[in-house]
Amino acid sequence: MQAVGNHLKDQGLTLLINNAGISSHATLCSLDSQEMLDVFATNVVGTLQVVKEFLPLLEQAAKGEGKEGLSCSRAAVINISSKLGSIGLCLHVPQAPMYPYRASKAAQNMVTRCLAAELQDKGILCVAIHPGWVKTDMGTQEAPLTVEHSVRGILTVLASLSQDTSGAFLDWEGNSLPW
């Protein structure tokens, strides 16, 4: 945080994207508690710790001159989530149970909603974004989306975010997803 603060000088941090995450394909029979804890430590606790660490820089950016409303050009936290963490879609997404990953992303979505409620009055927007099923190490080569396609979509969504979308769960195309 200090290195980023020194680089930004007095401007503050306008955009924090939490993209770190680990997956697990554990089923009920293969699950062990340590695996569950490891996935939660990265996907949930890690998200909160990063926001907590960078909060002073986000607050500094939000207080900048001429900045009103909520947007990514003022101060924003974007948590990269997954529709696999949607409780509303759980029975409609034909994936293996993936208990640690899916439960951690549902918890991360709740963290996003709580952050949005807490940080709104400080001028900081918070949103969860599902990037799609993307050709990455985690998504595998079976995924239909390229990284470039997903990123282009996310950048378009980021440019459209406002007070009305703070606390939302959106996909890379800007569609609302059920919690």
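R0 = 30 Å: FRET efficiency of Asp32 with Cys90, Cβ-based, nearest 0.05?
Between Asp32 and Cys90 the formula returns 0.85.
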In degrees rounded to 10, the 0-90 angle between helix 147-160 Cα long axis and the longest Cα principal axis of the chain is 40
Just from the alpha-carbon atoms, what are the Rg and Dmax of the chain in angstroms? 16.6, 56
For the range 18-93: rounded, prolate or oblate by the Cα gyration tensor [a/c cutoff 1.5]: oblate
Projected onto the charge dipole of the range 1-72 (unit charges on the beta-carbon of Lys, Arg, Asp and Glu, signs +1, +1, -1, -1), the Cα from Ser23, Met1, Gln49 with the largest positive-side position is that of Met1
Which residues' amide hydrogens lie under 5 Å from the amide hydrogen of Ser24, considering only partners 5 or more residues apart or on another chain, with H built in the peptide plane? Tyr101
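To the nearest 20 Debye, how big is the dipole of the chain about its Cα centre, given +1 on the beta carbon of each Lys and Arg and -1 on that of each Asp and Glu?
The calculation lands at about 140 debye.
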Checked the range 69-120 with the C-alpha gyration tensor, a ≥ b ≥ c its square-rooted eigenvalues, rounded below a/c of 1.5, otherwise prolate if a/b is larger than b/c and oblate if not; verdict prolate
State the percentage of accessible surface on the chain attributable to carbon and sulfur atoms; use a 1.4 Å probe and exclude ligands, DNA and RNA. 57
Longest segment of the chain with no GluC sites (Glu not before Pro) in a DSSP loop having at most 11 other Cβ atoms within 10 Å? 69-141
Do the alpha carbons of any pairs in Lys83/Lys122; Lys9/Lys105; Lys63/Lys83 sit beyond 30 Å of each other, and which pairs? Lys9/Lys105; Lys63/Lys83
Contact order normalised by residue count of the chain, Cα under 8 Å, 6+ apart, percent: 25
Shape call for the range 99-179, from the Cα gyration tensor axes a ≥ b ≥ c (a/c under 1.5 means rounded, otherwise prolate when a/b beats b/c, else oblate), comes out oblate
Between the residues Gly88, Pro131, Ala61, the Cα farthest towards the positive end of the dipole of the chain, that dipole coming from +1 and -1 charges on the beta-carbon of Lys, Arg, Asp and Glu, is from Ala61
Quick one: which residues, 5 or more positions from Leu125 or on another chain, have an amide H under 5 Å from its amide H? H modelled 1.01 Å from N in the peptide plane, none for Pro or chain starts. Ser71, Ala75, Ala76, Val77
For the chain, what is the accessible area per residue in Å², given a 1.4 Å probe and the full set of protein chains? 55
Among DSSP beta bridges lying fully in the chain, give the percent that are antiparallel, nearest 5. 5
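The values are calculated or read from the model by the stated rules, or taken from the named source; none is laboratory data. Worth saying up front: this structure is predicted, and the values here are computed from it rather than measured. Note: ideal-geometry Cβ built from the backbone for every residue, glycine included; neighbour counts use all protein chains shown. With ligands, DNA and RNA removed, areas are computed over all heavy atoms of the protein, side chains included. Shrake-Rupley method; radii C 1.70, N 1.55, O 1.52, S 1.80 Å.
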